[in-house]
1. Looking at the range 34-48, can you tell me whether even one residue there is over 30 Å from THR126 (Cβ atoms) and either under 15 Å from the mean Cα position of the chain (by Cα) or at pLDDT below 95 (or both)?
2. Hey, could you check the range 11-50 for residues that are assigned to a strand (DSSP E or B) and aliphatic (A, V, I, L, M) and say which is nearest to PHE118 (Cα to Cα)?
3. Quick check, is PHE87 assigned to a strand (DSSP E or B) and either within 13 Å of VAL31 (Cα to Cα) or at pLDDT 95 or above (or both)?
4. Does the range 67-74 contain at least one residue that is among the charged types (D, E, K, R) and modelled with pLDDT of 80 or more?
5. Might you check whether a residue that is out of contact with any His (no Cβ under 7 Å at 6 or more places or on another chain), assigned to a strand (DSSP E or B) and modelled with pLDDT under 85 occurs anywhere in the range 103-126?
6. Need pairs with beta-carbon distance below 8 Å; first residue at positive phi and within the range 91-112, second among the polar types (S, T, N, Q); sequence gap 6+ or separate chains.
Amino acid sequence: MPVLVTDYAARKIAEIIKDQELNPDNVFLRVGVKGGGCSGFNYILDLTESKKDTDEVWEYAYDVPAASADDSAAGSNVATATATEKFTLRVICDPKSYLYLNGTSIDYKTDGIMASGFAFNNPNATSSCGCGSSFSA
């Protein structure tokens, strides 16, 4: 099963790529795990241009809000919330991490000023820490 990314998380990733002035055609979202954290494993998310031949790869297409320089520069009050553009997100994962992340979905939560961030729904986790950044399997 693939590692999935929700529409809302994809919009946040597209924002980050734009804010960091990265070329979306060259960027991958690397997901992984490493030992540590209060539950045994920490989740890893990273934007990278490096992909290994052994990485699992999934490609997803999303509609994200289109940036309109003309509207923002002119101070237009015209609603452009329905204007979208295609965004392709390529997710990669190393084989060892994939053993723990198979079927995981990544979302973005905005539960409050201190609790905003990426959240993992991992069917392989037997327990998670309170903050959601680590798990055990």
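The values are calculated or read from the model by the stated rules, or taken from the named source; none is laboratory data. On a predicted model such as this, the values are computed, not experimentally measured, just so you know. Methodologically, a virtual Cβ is constructed for each residue, glycine included, from the backbone with ideal geometry; neighbour enumeration extends over all protein chains shown.
1. No, there is no match, as no residue in the range 34-48 is over 30 Å from THR126 (Cβ atoms) and either under 15 Å from the mean Cα position of the chain (by Cα) or at pLDDT below 95 (or both).
2. LEU45
3. no
4. No, the range 67-74 contains no residue that is among the charged types (D, E, K, R) and modelled with pLDDT of 80 or more.
5. No, the range 103-126 contains no residue that is out of contact with any His (no Cβ under 7 Å at 6 or more places or on another chain), assigned to a strand (DSSP E or B) and modelled with pLDDT under 85.
6. Short answer, once both residue conditions are applied: GLY103/ASN122; GLY103/ASN124.
Residue-wise test of (1) surrounded by fewer than 19 Cβ atoms within 10 Å (Cβ to Cβ); (2) in contact (Cβ under 8 Å) with a residue 24 or more places away in the chain; (3) polar (S, T, N, Q).
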{"site": "VAL3", "(1), (2), (3)": "no, yes, no"}
{"site": "ALA10", "(1), (2), (3)": "no, yes, no"}
{"site": "LYS18", "(1), (2), (3)": "yes, yes, no"}
{"site": "GLU21", "(1), (2), (3)": "yes, no, no"}
{"site": "LEU45", "(1), (2), (3)": "yes, yes, no"}
{"site": "GLU56", "(1), (2), (3)": "yes, yes, no"}
{"site": "GLU59", "(1), (2), (3)": "yes, yes, no"}
